[in-house]
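Asks: Here's a structure for you.
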Amino acid sequence: MGESRGAWYRVGGLLLIAAAVTILPSSPALAARAPAKNVIVLIADGCSHEQYTLARWFKGAPLALDGIRVGAVKTHSADSVIADSAPAASAFATGVRTSNTFVSVGPRDVTLSVVPRPDPELRYRPLATVLEGAKLLGKSTGIVATSRVSHATPAAYMAHVASRNREDDIMEQAVYQHVDVVFGGGKRHLLGKRDGGKRADGENLLDVLKERRYQVVETRDEMLRCKAGRIFGIFAMSHMEAEIDRQDCTPQQPTLEEMTRKAIEILSKNPRGFFLMVEASQVDWACHVNDPAHLLSDLFMYDRAVEVALDFARRDRKTLVLALSDHGTGGMTIGNRTTSATDSPITMEILLEPLKRMRVSAPALWNRVADDKTAEGVQRVVKDGWGIEISTEDAHRILAVAERDKDFPENGFGEVICPAYTAIGWTTHGHVGGDVPLHAFGPGRPAGLVDGPEIGKICAAALGLDLAKLTSRLFVEASNAFAKGGRVFLDQTDGHNPLVKVEFKGKAAELPVNKNLIKVGGVASEVEGVVVYAPDTGKIYLPLQAVQMIKGTVKGMPDITLPAAAKVVRSRAPVKESALPAGASP
Ligand SMILES: [Zn+2]
């Protein structure tokens, strides 16, 4: 463990840390320019057209989403026609297309032929998000997910790293971002190993949250008792439970609907408005595993969360609601090789009866097989948990898949059972590249076919935010800023807690990476954004406010709002970035 335990920026550090001062644009002026006061983005991770159709059949009634379907979203990333959640959510959060696994930083140098190579300045560069912008407009901000809150999609709104797997760094940035409401899993990335967590730097970020006056809650009941203020709801060491298993396994965890309702209740107390991102994270995992039971339970819960948001927006009338997916997963279809082998009509009973008997998720099924990994054991567990009598041969095939996919032994249930005993088809255990449905309601809502990065611009425009100006205000490249008369270097004495050191005209400053803290001339204070180090380029990015504090220039912060007349230009025009051969279209 590094010797920085007693450092000024650690909990219990010696120096009192002064709060950041941010001059807010006047509300009336902003309200005049921004069509919306609030923006709520609800992401059903990995969900595509067929999944919604199946949910509607299963529900036997329209989904809340059906009433606000407005178009579709193109999902490819900068370097792949099939995106993962990190670049997809980063495009929604920053308005910029980036590389697979990248979290709200500029793309690497290799791109699809239809995507222009990024300027060197843009590569790996942190890109400001609509959440960070909403905060600087004096709005409240919130993140809700059923995954770890350090996982790809929620991370894209709160953090800036070139790999979605750096969850310790992501969680640290999230904790120092002053997000007002955070609900989800991931306690293991708040605690060091000695406190039962996974953090390599040994930091106890739970103590940091308490020191920053967050109410830290860990159960549904504690969350429901919260009435106002800053709340960090951490309901699991890792991911939260699948909705279908939650009642049996972890009834103390809140549902996505409950978390969404509580977040809106708290955030809407702010007269300047709010930004909220809600993710149904596990629709994606259900589809990775080809598990229709897990899929339907989490998708229904998502639809109920959308209903909560729409109820608020219909009453509030100044709220933009976007409900969309980041990419498709599993290639699910209603219809498969069994249904294509017959001419007889596929009735609702054929489609729904097998699904109605499924009472647990595939991972829960596999846990039950644990002590009897035989064909008989599998048959017994599938009969009990999914209500389906499968052949011995199919049971052996399920065990064979478990051998093949060691990390996801439960993959066999959906892969073997769906094509043989249901009308559901799956083409892959991975993501797919098709456009995904777009749903929208309220002021500034889009329509038609929208490109991923445009979602970010549409959210920003709805709030009157200029993301490019915001990025220049929050992420100044340090060596450039102090090129004349200064020196910037990274002190990695404590490898897990790198410290940016700046010397400028006899003044020295320290800024820990991933935090919003600065010490200049022995005075410690907060600044309005987090410090980001990009190891791939060796570059360091500081908030302009920190640069000015070090230089002693108090010019005030640049305006981050859109000029009055600005409107988002919808890409119905020829695609600018296209270097396409004649006749081709992305
Ligand atoms: Zn996925």
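Asks: Is it the case that ARG56 is free of Cβ contacts under 8 Å to residues at least 60 places away in the same chain and either away from the ligand (no atom under 16 Å from the Cβ) or farther than 20 Å from VAL283 by Cα (or both)? Spell out how you get there, then give the answer.
Replies: Details: free of Cβ contacts under 8 Å to residues at least 60 places away in the same chain: yes; either away from the ligand (no atom under 16 Å from the Cβ) or farther than 20 Å from VAL283 by Cα (or both): yes.
Judged against the criteria, ARG56 is a match.
Asks: If you scan region 326-360, which residues turn out to be within 16 Å of the ligand (Cβ to nearest atom) and touching an Asp or Glu at 6+ places or on another chain (Cβ under 7 Å)?
Replies: Here is the first cut: in region 326-360, the ones within 16 Å of the ligand (Cβ to nearest atom) are 326-332.
ASP326, THR329, MET332 - these are the residues of region 326-360 that are within 16 Å of the ligand (Cβ to nearest atom) and touching an Asp or Glu at 6+ places or on another chain (Cβ under 7 Å).
Asks: With the requirement that a residue be more than 12 Å from GLU132 (Cα to Cα) and surrounded by 18 or more Cβ atoms within 10 Å (Cβ to Cβ), what does region 464-476 give you?
Replies: Within region 464-476, GLY464, VAL476 meet the criteria.
Asks: Okay, next question. Enumerate the helices (runs of 4 or more DSSP H) found wholly within region 182-298, keeping only those where 1 or more residues are within 16 Å of the ligand (Cβ to nearest atom).
Replies: Numbers: elements: 205-211, 220-225, 243-249, 256-267, 282-288.
Where helices (runs of 4 or more DSSP H) fall fully within region 182-298 and carry at least 1 residues being within 16 Å of the ligand (Cβ to nearest atom), they are 282-288.
Asks: Quick check on my filter: what residues within region 202-239 are surrounded by fewer than 16 Cβ atoms within 10 Å (Cβ to Cβ) and closer than 20 Å to ASN514 by Cα?
Replies: LYS210, GLU211, ARG213
Asks: For ASP84, are the conditions met, namely being within 16 Å of the ligand (Cβ to nearest atom), among the acidic types (Asp, Glu), under 19 Å from VAL450 (Cβ atoms) and assigned by TED's automatic domain parsing to the domain that holds ASP303?
Replies: Judged against the criteria, ASP84 is not a match.
Asks: While we're on this one: Determine whether ALA370 is open to solvent by 50 Å² or more (accessible area, probe 1.4 Å), over 21 Å from the mean Cα position of the chain (by Cα) and not assigned by TED's automatic domain parsing to the domain that holds LEU136.
Replies: So ALA370 fits the description; yes.
Asks: Answer yes or no as to whether ILE43 is in contact with a strand residue (DSSP E or B) (Cβ under 6 Å, 6 or more places away or on another chain), open to solvent by 30 Å² or more (accessible area, probe 1.4 Å), touching a residue at least 12 places away in the same chain (Cβ under 8 Å) and within 16 Å of the ligand (Cβ to nearest atom). Don't jump to the end; show me each part of the working.
Replies: Details: in contact with a strand residue (DSSP E or B) (Cβ under 6 Å, 6 or more places away or on another chain): yes; open to solvent by 30 Å² or more (accessible area, probe 1.4 Å): no; touching a residue at least 12 places away in the same chain (Cβ under 8 Å): yes; within 16 Å of the ligand (Cβ to nearest atom): yes.
Judged against the criteria, ILE43 is not a match.
Asks: Moving on. Does GLY529 fit the bill of being in a loop (DSSP other than H, G, I, E, B) and modelled with pLDDT of 90 or more?
Replies: yes
Asks: Whether any residue in region 375-385 is in the same structural domain as PRO419 (by TED's automatic domain parsing), open to solvent by 40 Å² or more (accessible area, probe 1.4 Å), in contact with a helix residue (DSSP H, G or I) (Cβ under 9 Å, 6 or more places away or on another chain) and not in a helix (DSSP H, G or I) is what I want to check.
Replies: no
Asks: Ok, one more. Any chance you could count how many residues in region 74-83 are open to solvent by less than 20 Å² (accessible area, probe 1.4 Å), under 17 Å from the mean Cα position of the chain (by Cα) and not hydroxyl-bearing (Ser, Thr, Tyr)?
Replies: Number of matching residues: 1.
Asks: With a cut-off of at least 3 residues that are at pLDDT 95 or above, of a type in the set (A, V, I, L, M, F, W, C) and away from the ligand (no atom under 16 Å from the Cβ), name the strands (runs of 3 or more DSSP E) lying wholly within region 406-503.
Replies: Per the criteria, 436-441, 486-491.
Asks: Looking at region 302-313, which of the residues that are open to solvent by 10 Å² or more (accessible area, probe 1.4 Å) and in contact (Cβ under 8 Å) with a residue 40 or more places away in the chain is nearest to the ligand (Cβ to nearest atom)?
Replies: So, considering only residues that are open to solvent by 10 Å² or more (accessible area, probe 1.4 Å) and in contact (Cβ under 8 Å) with a residue 40 or more places away in the chain, the one nearest to the ligand (Cβ to nearest atom) is ARG304.
The values are calculated or read from the model by the stated rules, or taken from the named source; none is laboratory data. Remember, it's a predicted structure, so these values are computed and weren't measured experimentally. Please note: Cβ atoms are built from the backbone with ideal geometry, for glycine as well, and neighbour counts cover all protein chains shown. For accessibility, only protein heavy atoms count, side chains too; no ligands or nucleic acids. Shrake-Rupley method; radii C 1.70, N 1.55, O 1.52, S 1.80 Å.
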